[in-house]
Amino acid sequence: MRLYLDNCCFNRPFDDQQMLTIRLETEAKLHIQSAIRNGEYNLGWSYVLNYENGANPLGERRTEIQRWEEIADSFTRETPAILKRMNEIAERGIKPLDALHIACAEAMSCEYFLTVDKGILKKANTISGISILNPVDFVIAEGA
């Protein structure tokens, strides 16, 4: 099974952990990453992750997140099909950059798109082709 974690998900452990929901999402995300390292799941990576992560002004975070590209089993670059799909997803009210992440995940045949972005999660049921979940919900659903 291939997973795609968006930039918000990768950054969750760097957020203020005082809120219980953030701590739970962090623990779930770290658990998922451990499972990826152990070969239980595959990871998809995209040029959009490189772009968004590259814009992070905090070098330590940027470096830590970038290491996951080496672990990923698949990578996608921009294609006309991805851009077309991004526009279809954006028409459902998803921000264009978020829609581009989702289109990339679909292009790599990822079964799950994991995010902590509440805006994406609220509209997830309007997008077919991939399951969009919060990392906590993924861990619960997969019984991991």
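The values are calculated or read from the model by the stated rules, or taken from the named source; none is laboratory data. Being a predicted model, the structure only gives us computed values, none of them experimental. Here Cβ is always computed from backbone atoms with ideal geometry, including for glycine, and neighbour counts include all displayed protein chains.
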Practice item. Select from the stretch 39-78 the residues that are out of contact with any Phe, Trp or Tyr (no Cβ under 8 Å at 6 or more places or on another chain) and of a type in the set (S, T, N, Q) and write down the one among them that is farthest from Thr115 (Cα to Cα). Key: Thr63
Point to revise | Scan of the stretch 101-112 for residues that are touching a Cys at 6+ places or on another chain (Cβ under 9 Å) and either outside any helix (DSSP H, G or I) or on the phi > 0 side of the Ramachandran plot (or both), ordered by number | key: Cys110
Exercise for review: Scan the stretch 1-60 residue by residue and report those that are within 15 Å of Pro135 (Cα to Cα), more than 14 Å from the chain's Cα centre (by Cα) and among the small types (Gly, Ala, Ser).
Suggested key: Ser34, Ala35
Point to revise | Residue pairs meeting the criteria (Cβ under 9 Å; at least 6 apart or on separate chains; first farther than 14 Å from Asp117 by Cα and of a type in the set (S, T, N, Q), in the stretch 84-102; second at pLDDT 95 or above and in a helix (DSSP H, G or I)) | key: Asn87/Pro96; Asn87/Ala99; Asn87/Ala103
**Study point:** Filtered residues of the stretch 62-80 (kept if surrounded by 12 or more Cβ atoms within 10 Å (Cβ to Cβ), under 14 Å from Glu52 (Cα atoms), without any contact (Cβ under 8 Å) to a residue 40 or more places away in the chain and not acidic (Asp, Glu))
**Key:** Arg62, Gln66
Practice item. Hey, can you tell me all the residues within the stretch 1-57 that are of a type in the set (Lys, Arg), out of contact with any helix residue (DSSP H, G or I) (no Cβ under 7 Å at 6 or more places or on another chain) and surrounded by 16 or more Cβ atoms within 10 Å (Cβ to Cβ)? Key: Arg2
Check your understanding: Could you say which residue among Gly119, Gly129 is outside any helix (DSSP H, G or I), more than 12 Å from the chain's Cα centre (by Cα) and more than 20 Å from Glu69 (Cβ to Cβ)?
Key -> Gly129
